[in-house]
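The values are calculated or read from the model by the stated rules, or taken from the named source; none is laboratory data. Because the structure is predicted, anything quoted here is derived from the model rather than measured. Cβ placement follows ideal geometry from the backbone for every residue including glycine, while neighbour counts extend to all protein chains displayed. Just so you know, the surface numbers come from the protein's heavy atoms only, side chains and all, with ligands and any DNA or RNA stripped out. Shrake-Rupley method; radii C 1.70, N 1.55, O 1.52, S 1.80 Å.
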Amino acid sequence: MENAAEALQMAAAVLIFVLALSISINAFGEARITAETILNYQDKEYDYTYVEENTDADGNVSTERIVGIETVIPSIYKAYKEHYKIVFENIGDDGVYTATDEHGNRQVVNSIDLQNESLGSEEQRLQFINALIYGSRLDNFIDIKENFAKISRVYLNDTGIYDKIIRSKVKENIGIFYEDEATSDEDSTSDDEESDVPDANKTTKRVITYTLL
């Protein structure tokens, strides 16, 4: 009888342990989900509601604030990941980089939009972004510069964005613009013409503009 009682006590202890372990695992799972939800909420808050929104006559939404280098650089990397456009104003005569058009003419580019650049691999895209930001500060910048000039006809500046804005305050304007479906910037409807494309066939395009003050 004593052995049977001890066996029952051991079985009860095992059941209690398993129950406690299940509750702990479930609690940790809920804590992880809660943490991810909070992080996602904070990210959306930064992107969309951190600053006051303004809507123009065309329905485009924009926000403005004054920022520094600590905001601009992460935004560039985020644009690289999420494929939206960044425009720089007052960044200098050499712009962000120089590209060659279909007619062989070099044009100064003041924006970063990887959708408009024929960069094949993810490694090339990351090299391109790093070179734009840090310029000759990169250890292998000369090789990267020569490679892009040869393959993509893109000419990188020795002075990167970082050095151009490190001592400046910058006005950040975050806009969400509506584009006609399958329409490029060159083919889009002008300001004086009304688009015939239904709203249902339009897509939104995020554009961040940084103006050096």
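Within region 143-166, restricting attention to residues that are modelled with pLDDT of 95 or more and among the β-branched types (Val, Ile, Thr), which residue is surrounded by the most Cβ atoms within 10 Å (Cβ to Cβ)?
Going through the qualifying residues, I end up with 161.
So which of 173, 130 ends up being open to solvent by less than 50 Å² (accessible area, probe 1.4 Å), within 27 Å of residue 66 (Cα to Cα) and in a helix (DSSP H, G or I)?
130
Which residue pairs have Cβ atoms closer than 7 Å, lie 6 or more positions apart in sequence or on different chains, and pair a first residue in region 144-158 that is assigned to a loop (DSSP other than H, G, I, E, B) with a second residue that is surrounded by 17 or more Cβ atoms within 10 Å (Cβ to Cβ) and not basic (Lys, Arg)?
152/119; 153/99; 157/97; 157/135; 158/135
Just name the residue that is nearest to residue 143 (Cα to Cα) out of those in region 100-122 that are at pLDDT 85 or above and open to solvent by 20 Å² or more (accessible area, probe 1.4 Å).
100
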